Amino acid sequence: MEIRVLNYFLVVAREENITRASEVLCITQPTLSRQLTQLEEEVGIQLMVRGKRKVTLTEAGILLRRRAEEIIELVDKTEKELQEQEKLVSGEISIGSGEMEGTKIFPKLFKNFKERYPRVRYELYTGNADQIKEKIDQGLLDFGLLLEPVSIEKYDFIRLNIKERWVVLMLPDDPLAKKEFITPEDLCGSPIIIVKRASVHNELANWFGNYYENIPIFATHNMSNNAAVLVEQGLGYAFVLEGSVNFYDKNKICYRPLSPDILMNSVIVWKKNQIFSHTSKKFLEHIKQFLENSKV
């Protein structure tokens, strides 16, 4: 399966028309059709249905498109890294994180690193822990900022001295907004919107204790912005990290801390035995030195 042919396939999938795709690729239509047929023969399954005016992907074609996009992205990233080896420190550093307090360290890290290596660019990706770990495993992210508890056996890591606190989102005119903090008893019988990740879900269930049986779960979420939208519509109370609340309109939504507190640590992780680009290796050294000096 050649990278060139995968790129042909992606253009056809995007244009949904072989004629238009051939024009974009600057190759003849018969040549493109032959390449696609050979690709289907190679994988042993039909990838697209060729209509008179439109090409439609089969389920297998949809899967291949997703994988091909990841492969092309990884190839591009690898080519950039190889080109950087013999140059001054430049190129791109990719970091994934959730919506948490620990992200405040990024501007400080970038600013100090930029003073020494102004040609470096940064790619920031926001997602949940599973998405970030998957992209690290695939080589699409260099580093990830994750929230404990998280399974990190496959990764090297640095634990930050930053406490991530869980809070409850609610409407500003909600009766509970008059309280300084929220207890499990306060939410008894109220619909809640809770994080989907099992390890964190268990932490919150332990916080509720015996009240958990009387807590109706309205929805689960993996990104706090989605939870905030539901809270704005009065559909329940949402548990999110305090570090994410700065993104919300304070006229439409507010939050209160929990009592007792649920505090967690965040960690910067990278794949064990990772062969870093020269730039990423320099950045890792910078992270370690910065954290040692700042005691973050």
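The values are calculated or read from the model by the stated rules, or taken from the named source; none is laboratory data. Please read all numbers here as calculations on a predicted model, not as lab measurements. In this analysis, Cβ positions are derived from the backbone assuming ideal geometry, glycine residues included, and neighbour counts consider all displayed protein chains. Note: areas computed on protein heavy atoms with side chains; ligands, DNA, RNA excluded. Shrake-Rupley method; radii C 1.70, N 1.55, O 1.52, S 1.80 Å.
Please turn the phi angles of the stretch 258-272 into ³J(HN,Hα) values with the Karplus equation 6.51 cos²θ - 1.76 cosθ + 1.60 (θ = phi - 60°), one per residue in order, whole Hz, x for glycine and proline.
Along the stretch 258-272, the couplings run 8, 9, x, 4, 10, 10, 9, 9, 10, 10, 8, 10, 8, 5, 4 Hz.
Given a Förster distance of 51 Å, report the FRET efficiency between ASN214 and VAL24 from their Cβ-Cβ distance, rounded to the nearest 0.05.
For R0 = 51 Å, the calculated efficiency reads 0.30.
Using the Karplus equation 6.51 cos²θ - 1.76 cosθ + 1.60 (θ = phi - 60°), what ³J(HN,Hα) coupling, rounded to whole Hz, does each residue of the stretch 39-53 give in order, writing x for Gly and Pro?
5, 5, 5, 5, 8, x, 7, 6, 9, 8, 9, 8, x, 5, 10
As an exercise, find the ratio Rg/Rh for the stretch 1-56 from alpha-carbon atoms, using the Kirkwood inverse-distance average for Rh.
Across the stretch 1-56, the Cα-based Rg/Rh ratio is 0.92.
Which three semi-axes in whole Å describe the equivalent ellipsoid of the chain, each the square root of 5 times a Cα gyration tensor eigenvalue, listed largest first?
Equivalent ellipsoid semi-axes, largest first: 42, 29, 16 Å.
My understanding is that a pair violates if its Cα-Cα distance is over 20 Å; which of LYS111/LYS271; LYS154/LYS281; LYS77/LYS271; LYS114/LYS281; LYS77/LYS108 do that in this structure?
With Cα atoms farther than 20 Å apart: LYS111/LYS271; LYS77/LYS108.
Report the far tail of the P(r) of the stretch 23-149, meaning the percent of Cα-Cα pairs longer than 25 Å.
Of all Cα-Cα pairs in the stretch 23-149, 48 percent lie more than 25 Å apart.
Determine the share of the stretch 157-292's accessible area contributed by carbon and sulfur atoms, expressed in whole percent, with a 1.4 angstrom probe.
The C+S portion of the solvent-accessible surface of the stretch 157-292 is 48 percent.
Along the positive direction of the dipole of the stretch 139-280 (beta-carbon charges: Lys, Arg +1; Asp, Glu -1; about the Cα centre), which of GLY236, ILE268, LEU169 reaches farthest?
Ranked along the dipole, the leading option is ILE268.
Across every pair of different alpha-carbon atoms, what Kirkwood hydrodynamic radius in Å does the stretch 218-296 reach?
It works out to 16.1 Å.
Loop sites only, by DSSP: take the GluC sites (Glu not before Pro) in the chain that have at most 13 other C-beta atoms within 10 Å and name the longest stretch containing none of them.
181-296
Quick check for me: using +1 on Lys/Arg Cβ and -1 on Asp/Glu Cβ, what's the dipole size of the stretch 1-138 about its Cα centre, in debye to the nearest 20?
For this selection, approximately 480 debye.
Roughly what % of Cα-Cα distances in the stretch 144-274 sit above 26 Å, to the whole percent?
Across the stretch 144-274, Cα pairs with separations above 26 Å total 23 percent.
Solvent-accessible area per residue for the chain at a 1.4 Å probe radius, Å²?
Ligands and nucleic acids excluded, the result is 54 Å² per residue.
Positive end of the charge dipole of the stretch 1-141 (Lys, Arg +1 and Asp, Glu -1 on Cβ, about the Cα centre): tell me which of ILE45, ILE132, VAL120 has its Cα farthest that way.
VAL120
What distance in nm separates the two pseudo spin-label positions at GLU180 and GLN38, each 7 Å out from Cα along the beta-carbon direction?
Output for this residue pair reads 7.4 nm.
Explain nothing, just compute: Karplus ³J(HN,Hα) = 6.51 cos²θ - 1.76 cosθ + 1.60, θ = phi - 60°, for every residue of the stretch 31-37 in order, whole Hz, x for Gly and Pro.
For the stretch 31-37, the Karplus-derived couplings read 5, 5, 4, 5, 4, 5, 4 Hz, x marking Gly and Pro.
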